[in-house]
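Each value in this text was obtained by applying a stated rule to the coordinates, not by laboratory testing. Treat the numbers as computed from the prediction; the structure is a model and nothing was measured. Neighbour counts are summed over all protein chains in view; Cβ atoms, including those assigned to glycine, are modelled from backbone coordinates with ideal geometry.
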Amino acid sequence: MAFYCQEDSYATELSAEVVSCTPAQLHTDNGGGRKETLSGYNVTLTDTVLFPEGGGQPDDRGTIGETPVLRVTRRGPEAVHFVTSPLEPGARVLVKVDWQRRFDHMQQHSGQHLITAIADSLYGYKTTSWELSRGGRSTIELDAAAVSAQQAGAIEEEANRLIRRRVPVTVRIIGTDDPEFEQVRSRGLPDDHAGPVRIIDMEGVDANMCCGTHVANLSDLQAVKILGTEKGKKNKTNLLFMAGGRLLQYAGRSYGAQRSLTALLKSGPEQHSLLRDLAVLTARDFKTRPQRDKLFSLHRKEGDNEFMNIIANEIGTEVTVLFLTVGDEKASGLFLLAGPPTIVDHLGPQVCQILDGKGAGKAGRFQGKANKMSRRGEAETLLREVVSARGEE
């Protein structure tokens, strides 16, 4: 069955009946490696306006009555809502969605469909997976060894042309025995899927099986921006992008950071390329050393996240562990720990704690803000001890 949120992605509330309410626990990760287990209840309803996670899209947030919903998951044909207060089976309740979060997910998800379709039609690059990040840049994994800057630019240009054309996006329901089922693009159905499937149809552009929520017209995307590419796994390429309101917020933050950097460097934006050039030269200097340390540690007063990530991308993190920081060496700043996931995923939260910071990470990168850069030496000592010990194994 399709939930109400899948029938009308723009609906913000729904009256429904509580079907069941059973004790449950929710395991959460609050960032910085801090895990928490909450006791509460799993609630099922006759229908829901809250989307359960699926199709690469995170779940919605919202309320059932006055009770906040902290997680929504799909269990076969049911949506399971985790709440911390019990609800009476048979009770009539009003379910409301956090619209800002929902619409952001709609924009990013529809943006992914659009970019995926264009990359396939222009260059034959198939999408093998994608990830909708929570608030940052999202990632599309393409089955291509490399995507040039010219190709990325052409994909972006075509995507924004179609947005300006106001291409309609419709949702259709078909059965698995429908001849069209074998023709539409899909990465497969979940093992526990039952019943008909949803087709997200961008008129004249793409038709794709998907369970997620989407915009009704490409004009609601406002704009998409391809931020760059990264080397992916197994000879694939990651395409990084943002769409809609998230892109506008990113532009605003970038402008604010640019103004701050201009004041810091006492120079115009055209001088910021010097930092990027310095990052590349720093990385190349390390890579040309006859004997490379397993840990590359660097602190600069001037710099930003882009500066640190350029160094990490240029050096590579398959073997080397990188500990990079920028900002006031005695107060606050930014940090990046990058390297093999087995090391970074374990030590990232510890480094964050030493620096009295806030951060998050995955897949071999952990970065955030440090409030006590004066303790950088302690963090570096820990890293050197662990890296040295692993090197002797």
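Some notes on this structure:
- Rounded FRET efficiency, nearest 0.05, which uses the C-beta distance separating R92 from E302 and R0 of 45 Å: 0.15
- Mean sequence separation of contacting Cα pairs (under 8 Å, at least six apart), scaled by the length of the chain, corresponds to a relative contact order of 12 percent.
- Positive contributions from Lys and Arg (+1) and negative ones from Asp and Glu (-1), summed over other residues with Cβ under 15 Å from the Cβ of Q222, come out at +3.
- For S332, residues with placed amide H under 5 Å, excluding near neighbours: M373
- Oblate is the label for region 4-97. Its Cα gyration tensor axes, ordered a ≥ b ≥ c, give a/c of at least 1.5 and b/c at or above a/b.
- Helix 341-354 vs. the chain, principal-axis angle (Cα, 0 to 90°, nearest 10): 80
- DSSP beta bridges fully contained in region 267-392 are about 75 percent antiparallel.
- Rounded to the nearest Hz, the phi-derived 3J(HN,Hα) couplings of region 92-101 under the Karplus curve 6.51 cos²θ - 1.76 cosθ + 1.60 (θ = phi - 60°) are 8, 10, 9, 9, 10, 9, 6, 5, 4, 5, where x marks glycine and proline.
- In the elastic network of the chain, a GNM with C-alpha springs shorter than 10 Å, the most mobile of H109, H214, H299 is H299.
- Alpha-carbon centroid distance for the pair region 50-88 / region 129-156, whole angstrom: 30
- Length gained when the stretch K231-Q150 is fully extended (0.36 nm per residue, less Cα-Cα span): 27.5 nm
- For region 338-379, the residues whose amide N sits under 17 Å from a probe point set 7 Å from the Cα of D293 along the beta carbon direction are 338-340, 375-379.
- Stretching R390 away from A11 to a fully extended chain increases their span by 131.1 nm, per 0.36 nm per residue minus the current alpha-carbon distance.
- Listed options for percent of Cα pairs over 41 Å apart are (1) 23; (2) 10; (3) 13. The value calculated from this structure is the one marked (1).
- Computed lengthening from D277 to T46, 0.36 nm per intervening residue step minus Cα-Cα distance: 77.3 nm
- Scalar couplings 3J(HN,Hα) for region 142-155, obtained by applying the Karplus form with A = 6.51, B = -1.76, C = 1.60 to θ = phi - 60°, are 9, 7, 8, 5, 7, 10, 6, 4, 5, 5, 4, x, 5, 5 Hz; x denotes Gly and Pro.
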